[in-house]
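Written below as structure tokens is the structure these notes are about.
Values quoted throughout were computed directly from the atomic coordinates according to the rules given, and no laboratory measurement underlies them. Note that this is a predicted model, so its numbers are computed, not measured. Note that each Cβ is placed from the backbone with ideal geometry, even for glycine, and that neighbours are counted across all protein chains shown.
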Amino acid sequence: IGWRVSTASTKRHKPHQLHTSSSAPTPQIYKTLFAEMRRTNMFCDAVLKVEDDEFPIHKVILCSSSSYFRAMFENGDHLHNRDFTIGGISPEVMSLVLDFIYTGNVNLSGSNVQALVLAADMLLLENLVEFCFDYMERHMYPENCIGIWKFSDVIISPTTRHLAWRYILRNFEEVAVCDEFLQLTGQELTSVIETDELNVKSEAPVFDAIVHWTNHALEERKGEFPQLLTKVRLSLMTFSYMRRNVMQNALVETNYDCMNTVVEAMEVAHNVFAGRRFSNPLLRPRLPGAILLAIGGWSGGDPTNGIEAYDCKANRWVDVTIPEERPRAYHGAVFLDGSVYCVGGFDRMEHFSSVRRLDMRARTWHEMAPMYHRRCYVSVTVLHDRIYAMGGYNGQVRLSAAEVFDPKANRWSLIAPMSEQRSDANCATFNDEIYICGGFNGRECLQTAECYSPETNQWNAIAPMITRRSGVAVIAHANKIYAVGGFDGNVRLRSVEAYNPSTRRCNFGIEVLDDRIFVAGGFNGFTTIDDVECYDLLLDKWTRVRDMGILRSALTCCVISGLPNMSDYAVSRDALPVLVMNTESSDEEPN
């Protein structure tokens, strides 16, 4: 199993500090003393022989670290022995083991960690085994995750194996081009590509991966290719890709079973109809790697606590509301370290300074430290693992004040105020700065914009937008800041403009982006809506997608990803309305 990881040493574990007087020596001082005594062979009462090397040691220290050494030293035949031979371990690894026993520290690297785990497991050093697996988990990359996954099954570590498995699925496209990928067995590769949790933008990388794996050892593996091909969701591919890349591939066109699989997939994709309960694995969408949440808002004349999750692979919304949460609208929401933070807002009765954290794994709400100011119509974003809240309305005045939240310390701190009052503005982070655009100052909708640098704690004006925009949506991507929609004081807007920080000017156009922009709900001038649109950045085209289940405006959206329980926020694949091939006539109408 190959390893390609950083050779930096692990973070030193701090030993437990005993409650003693300031003059009493600490356990670390004792460890330093014992290590020095071993180095100078002072009071050593035994020698470990490992191949041609000898290691003077203190029996009592090794006995206290492991039952393996205690049993070895207490053995009647060796009770008075001074020399003890240990096999199956290299001198280099034994030296590291003794370093850990005497000091609690060890210099780990990708080249020694596996051998050290094997030695620690043999010597019953559970703390060292845990120490090594912790290192593996923190030094996991596309190049070594498969090796970690396999190794953690040899020396059983369910937690590490699960983390490595999730890493493989979440980063499949990067993993599939690494050398370790080619060392998978056919059964292991099947288990990877057949799961719904495989995170890929399309099925093309999955097909390319099994071709690459097969061609690496063609004579040995070509017999496994037909079975692997059935695990690719071929019916989700475009017809052009199927014709050009799949049907003309040498592994496919020369194999009868493969051609049958491809023909079936094309027929399924061409002749599907909704309504009948039928499951075809070639058409089954995988779980999304990221999910859009629509949180709270104003619906039917009242605030709502409704939370819906958009599953883009299935084009469905899922109600994931936690009923006991208090309704709020005109708030901010961000996703950080596995939790969604809802900041400020309004519930008709109160303007909130409160912050609520939704743990997406446990699906539980937690109260966090409140802001300095009550804020609805607040602008919220994340930069360097901190949450920034800017502007808003406190029930009396529009605010220019801004503050920052440290989730680890659960503490808000005031930062420099903006140059003008803004409520119902919006913001985005880009190049280590925060950009805020538009809003309302109590008198007029704004077209001004400014950016904040945490390094200098200063706000600087940037070029104004072409159009005044309050209630605007702002997103940063591909070296531009995009302002979408809003209200100019007279009409609701559908236009989009882009700001390039390098040229200091605004311009209309979004065709340069590679991802899709989603716009959900809002107010159209007459009523709240549940419409959802997305912008395809390659096709330069807006498309309607599935409507939300709730008519609402004043909602907040954020994207979640990387959770172990992403399926909790997606449509159950077994519950999807099934698409079924018509084998009788291509002109059959839906049932």
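Per-structure values
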{"item": "Where Rh is the Kirkwood radius over Cα pairs, Rg/Rh for the range 67-191", "result": "1.08"}
{"item": "Pairwise FRET efficiency - Arg411 versus Ala115, Cβ, R0 = 45 Å, nearest 0.05", "result": "0.55"}
{"item": "For the range 176-262, alpha-carbon Rg relative to the globular expectation (2.2 N^0.38 Å, N residues)", "result": "1.01"}
{"item": "In degrees, nearest ten, helix 113-122 long axis to first principal axis of the chain (Cα)", "result": "50"}
{"item": "Separation of the Glu325 and Ala461 label points, Cα + 7 Å toward Cβ, nm", "result": "3.9"}
{"item": "Cα long-axis angle, helix 145-154 against the chain (0 to 90 degrees, to the nearest 10)", "result": "50"}
{"item": "Inter-label distance, nm, simple model (7 Å from Cα along the C-beta direction), Arg39/Ser191", "result": "4.5"}
{"item": "Extension gain (nm, one decimal) between Ser95 and Met122, 0.36 nm per residue minus Cα-Cα", "result": "8.2 nm"}
{"item": "Efficiency of FRET between Arg492 and Arg138 - r from beta-carbon atoms, R0 41 angstrom, step 0.05", "result": "0.25"}
{"item": "Cα-based helix-to-principal-axis angle, 256-270 vs the chain, degrees rounded to 10", "result": "30"}
{"item": "Candidates per trypsin sites (Lys or Arg not before Pro) in the range 171-223, loop by DSSP, up to 14 other Cβ within 10 Å", "result": "Lys201"}
{"item": "Volume of the Cα convex hull of the range 47-111, divided per residue and given in Å³", "result": "93"}
{"item": "Zone residues, the range 364-392, relative to Leu563, backbone N less than 19 Å from point 7 Å out along Cα-to-Cβ", "result": "364-368, 382"}
{"item": "Label selected from (1) 3, 12, 16, 17, 13, 10, 9, 7, 6, 4, 2, 1, 0, 0; (2) 3, 15, 23, 23, 18, 11, 4, 1, 1, 0; (3) 3, 13, 19, 19, 18, 15, 9, 4, 1, 0, the criterion being P(r) over Cα pairs in 10 Å bins from 0, in percent as computed here", "result": "(3)"}
{"item": "Nitroxide proxy distance, nm - points 7 Å out along Cα→Cβ at Ala217 and Trp365", "result": "5.5"}
{"item": "Taking the range 348-423 and dividing mean pair separation by its residue count, relative contact order in percent (alpha carbons under 8 Å, at least six apart)", "result": "24"}
{"item": "Directionally averaged projected area (convex hull, Cα atoms, the range 299-442), nm²", "result": "9.8"}
{"item": "Prolate/oblate/rounded call for the range 416-508, Cα gyration tensor, a/c under 1.5 rounded", "result": "oblate"}
